[in-house]
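Inspection log for the structure reproduced underneath, given as structure tokens.
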Amino acid sequence: VGPLLPAGALVVAADSGLDLARALGVPVDLVVGDFDSADPAGLAAAADAGAVLERHPVDKDATDLELALEAVLRLGRSPVTIVGGAGWDRLDHLVANVLLVAAPRYAPLRLRWWVKGAEVSPVHGRLDLAGAPGDLVTLLAVGGPATGVTTTGLRWPLLGETLTPGSTRGVSNQLVAATATVAVSTGVLVAIHTGRQP
């Protein structure tokens, strides 16, 4: 991950995300959360290296990832890549984080989330995808109907269609080229792009 970071990237760790950053050898600029799961020695080392620690109460109304996204929004940084945050032992955190990245509030961040071997991206208007023919692409409507859904570069194209929450119509489409586009007129989609299965 370190060599893939653009020059001048701001690295924000959401609580135990600090442990992941340290394992990857990525220096952290800001650590946000209630610090209930980050390694205390790692927190001390990050502070000694110049990272800002933004501590929140354990009894709070937002997940650590939401706090981190709020910090990035406040700092005016974009685009944003999220690594981890799957809530490995918490299905509720995983589902909440999928809905969180799709929230219209975070549209200016141009989010991409790398999680569980997939790239999860909200579609607010238009999204460009890069991959390989055969990669799976799932499109799910979030928060209400997504209208005018139009795709290129997918095996089963959508041409001005409407996808609704709870429908599986957008599940398991496939790239047929190295790039694809997804556009939506109104509403929000979540695009889940997974590499070709062996």
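Read-outs: derived from the displayed coordinates by stated rules, not from any lab. None of these values were measured; they are calculated from a predicted model. As a convention, Cβ positions derive from the backbone with ideal geometry for all residues, glycine included, and neighbour counts pool all protein chains shown.
Summary of computed values
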quantity: Ordering of 8-17, 154-163 by packing [mean C-beta count within 10 Å, highest first]; calculated: 8-17, 154-163
quantity: Percentage relative contact order, the range 124-198, counting C-alpha pairs under 8 Å, at least six apart; calculated: 49 percent
quantity: Electrostatic dipole magnitude of the chain [Cβ: Lys, Arg +1; Asp, Glu -1; Cα centre; debye, to 20]; calculated: 860 debye
quantity: Within the range 1-145, percent of DSSP bridges classed antiparallel, to nearest 5; calculated: 20 percent
quantity: Check: the range 46-90 dipole with +1 on Lys, Arg Cβ and -1 on Asp, Glu Cβ, in debye; calculated: 160 debye
quantity: Cα centroid of the range 4-37 to Cα centroid of the range 58-130, whole Å; calculated: 15 Å
quantity: Spin-label model distance (nm) - ASP39 vs ARG126, 7 Å beyond Cα toward Cβ; calculated: 4.5 nm
quantity: Charge dipole of the range 24-80 about the Cα centre (unit charges at C-beta), most positive-ward option of PRO57, PRO40, VAL26; calculated: VAL26
